[in-house]
Amino acid sequence: MSKLSSLILFFLSIYAYSQEVKEEMQNGKFEPNWESLKQYETPEWFRDAKFGIWAHWGPQCEPEQGDWYGRNMYIEGEKQYESHLKQYGHPSEFGFKDVIHEWKAEKWDPEKLVALYKRAGAKYFFAMGNHHDNLDLWDSKYQEWNSVDIGPRKNILEGWAKASKNNGLPFGVSIHSAHAWTWYETSQKSDKEGKYAGIPYDGKLTKEDGKDTWWEGLDPQKLYAQNHSLSAGSEGEVVTGDQWGWENGASIPSEEYCLNFYNRTVDMINKFSPDLIYFDDTVLPLWPISNVGLEVAAHYYNTNMELNNGKLEGVIFGKILNEHQKESLVWDVERGAPDAIQEKAWQSCTCIGNWHYKRDIYNNNSYKSAKTVMQILVDIVSKNGNLLLNVPVRGDGTIDEKELKIVEDITAWMDINSECIYETRPWHIYGEGPKVDKANPLKAQGFNEGKGDAYTSQDIRFTKKGDVLYAVIMEWPENNQDVLIKSLSTKSPYYNKKYKKVDMLGGKVGSYKFNKKGLSVSLEEKNNKVTPIVLKIY
C-alpha cells in the first residue's frame, strides 16, 4: 500500500470516529410528532402512587454549596465563586471538571437509602442521570465524562436501579443535560478584577491542553460544550431563565450536540428501562430548535410498550406544557401547584432543602419540616397530583441526621394517614379556607410554593376513595376549638345524606354534627396533635 493510500485511510478512520452514529429508534405505536404522541394515557399505577422520593445527587453535592454550583462558581462575586476560591482555588486553575475528580461517593449505600424511602411511604424512586453539569452517572456509551470512568468510578444509575428493583419500587431517571450548552457559558469568561483579571476560566480548554494532567486523554469540550459564541446578553451573567426555552437570543446548540444528547438518552433508556423519565426542560429537551426530544419520547413509549406486552406503563414529565402537550406528557410543576383541580394527572417536584446538598441549610436548621411536606403533599393530591420529594444527598452518598429525622417523621405521619393519599381521587372541590380564597398564580415552571399566609385549621383539603371522603385539616385548631367544614353544610350542593360517620385517623372525635353551617367536629384534647389531621367521613 502506498504512503498516500495509508494517509487517506488514516484520515478516513479519524473522520469516521468523529462522526457519531445515531442510535436506532424503537418502532411502534408512537411516532416522533405531537399528533402521534397525544395517544398517550397516564398509567393507573402512577395515579394511585401519589408520592415519590428523589435523590437529586451528583458532583455538585461534593462542595456542599447548593444548586447550580457548576455555573455559579464561574461568576465573580457570587457566593459559590467565593466559596470555590477558599475550598479549591481559582476556577482558571481548578474548574468544575476538577470538582468531579474530587467526588468519590465513598459512603454511598443505595439499598439502605431506597429501603428507608420505601418505609417512609414512597411508591416510586427517582435518581438523577445527569445534571446541567453534563456528567453522565452511568457507563455512558456516548459521554466520556461519566461516573464510571472518572470521579467516584461507580455506576450510580445501576446501583439505584438495583436498589429500586430489590425494594419493589418503580424506577425513575431525571435528565437535565440538554442545557449544558448555555448553562456552562460562565466558564468561558474570566475575572474582571484582581490578580486573575483577564485570565480565562477553564471552559474553553481542549483535549490537547490535558498533557501531564489527571485528565489527559479527555476532551473538556465533551463536558463543558463551550466551543461556541455566548448567548446574547450573557455579559450580565444570569440570563438563563429568560433563555431556558432557547429564545431571547440564547446560543443555539449544534446538530452534533443535539445528536449526542439523543444518543446518550437513548443509551440510558436501553440500559435501564426506567419506569419514569423527568426532563428538566420547557416541554421536551431542545424543543423547539430540534426534534430529538420528540424522538426520545417516541422511542421511550415504544420501548416501554415492548417490555409490558403492548401496554404503556411509562411516564415522561415535561414543564410549562400547553393543553395540547399535556395530552402527550405528564405536566411537572417545580416547587409549586396550580390553584385548581387538574383533569389530567400531574406532578409537583420539590425539596426539603436545596436541590443539591447545601451545608448552610443544615447549619441554619432551614429544612422543611415533615409537617410542611405533608401539607404540600395533601394539597397536591387534592388537585389530582403527585409529589416527588428530593432529600439532598451529601457528596459522600449519605444524608445527614436532620434529614433522617424528617424522613422518619414523614414515615410516622404516613403510617397513620396514608389511606387519604394512595389510590384517591379529587372530590368536587379541592378545598376550602383562607388559602383557597386567595389567588396564588404559577410563575414559569411553578415557583409558588410557600407563598401567602400560613395554613390554619380553617384550611381544609379533600380527597376521596370510593364512597369515603377524607377531609384533611391543615393545622390543629387553636384552643382546641371545633373544626367546621362549611362545604359539608346540609345546604351545600356537595352534601351527601349517605355520610353518617366521622372518624379521625390515629385519634378520636368527641362529637360531630351536620347542620346548615357545615360539618362541626370536636377533637378530643388527649389526641396526639400531629398535623395535618385527617377526618374520615363515610
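Please work out which residue is modelled with the highest pLDDT, limiting yourself to region 510-538 and to residues that are among the β-branched types (Val, Ile, Thr) and assigned to a loop (DSSP other than H, G, I, E, B). Before you say what the answer is, go through the steps one by one.
Taking region 510-538 and keeping what is among the β-branched types (Val, Ile, Thr), we get 521, 530-531, 533-534, 537.
Remaining after also requiring assigned to a loop (DSSP other than H, G, I, E, B): 530-531.
Details: VAL530: 86, THR531: 94.
Of everything passing the filter in region 510-538, THR531 is modelled with the highest pLDDT.
With respect to (1) surrounded by fewer than 15 Cβ atoms within 10 Å (Cβ to Cβ); (2) farther than 18 Å from ALA412 by Cβ, the lone exception for SER487 is condition (1). Quick one: is ASP48 open to solvent by less than 40 Å² (accessible area, probe 1.4 Å) and acidic (Asp, Glu)? Spelling it out, it is not the case that ASP48 is open to solvent by less than 40 Å² (accessible area, probe 1.4 Å) and acidic (Asp, Glu).
Within region 430-483, the set of residues being at pLDDT below 95 and of a type in the set (S, T, N, Q) comprises ASN440, GLN445, ASN448, ASN479, ASN480, GLN481.
Looking across region 83-116, just one residue is of a type in the set (Ser, Thr, Tyr) and not in a loop (DSSP other than H, G, I, E, B), and that is SER83.
Select, from LYS162, LYS154, the only residue that is in a loop (DSSP other than H, G, I, E, B) and basic (Lys, Arg).
On the way: LYS162 fails: in a loop (DSSP other than H, G, I, E, B).
Matching residue, one of LYS162, LYS154: LYS154.
Checked against the criterion of being at pLDDT below 95 and surrounded by fewer than 15 Cβ atoms within 10 Å (Cβ to Cβ), region 249-262 has at least one qualifying residue. Taken as a whole, region 315-328 holds at least one residue that is touching a Lys or Arg at 6+ places or on another chain (Cβ under 6 Å) and surrounded by 20 or more Cβ atoms within 10 Å (Cβ to Cβ). Of the residues screened, ASN302 is one that is among the polar types (S, T, N, Q), in a helix (DSSP H, G or I) and surrounded by fewer than 22 Cβ atoms within 10 Å (Cβ to Cβ).
Candidates in region 201-220 are the residues that are assigned to a helix (DSSP H, G or I) and in contact with a Gly (Cβ under 8 Å, 6 or more places away or on another chain); of these, the one that is farthest from HIS84 (Cα to Cα) is LYS207.
Any residue that is within 23 Å of ASP332 (Cα to Cα) and either at pLDDT 95 or above or open to solvent by 10 Å² or more (accessible area, probe 1.4 Å) (or both) - is there at least one of those in region 82-102? Scanning region 82-102 turns up no residue that is within 23 Å of ASP332 (Cα to Cα) and either at pLDDT 95 or above or open to solvent by 10 Å² or more (accessible area, probe 1.4 Å) (or both).
Residue-wise test of (1) over 20 Å from the mean Cα position of the chain (by Cα); (2) within 30 Å of GLY77 (Cβ to Cβ).
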{"site": "TYR142", "(1), (2)": "yes, no"}
{"site": "TRP160", "(1), (2)": "no, no"}
{"site": "ASN167", "(1), (2)": "yes, no"}
{"site": "HIS179", "(1), (2)": "no, yes"}
{"site": "GLY194", "(1), (2)": "yes, yes"}
{"site": "GLY203", "(1), (2)": "yes, yes"}
{"site": "ASP209", "(1), (2)": "yes, yes"}
{"site": "GLU216", "(1), (2)": "yes, no"}
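The values are calculated or read from the model by the stated rules, or taken from the named source; none is laboratory data. These numbers were taken from a predicted model, which means no experiment stands behind them. No Cβ is skipped: glycine too gets one built from the backbone with ideal geometry, and neighbour counts run over all protein chains shown. Just so you know, the surface numbers come from the protein's heavy atoms only, side chains and all, with ligands and any DNA or RNA stripped out. Shrake-Rupley method; radii C 1.70, N 1.55, O 1.52, S 1.80 Å.
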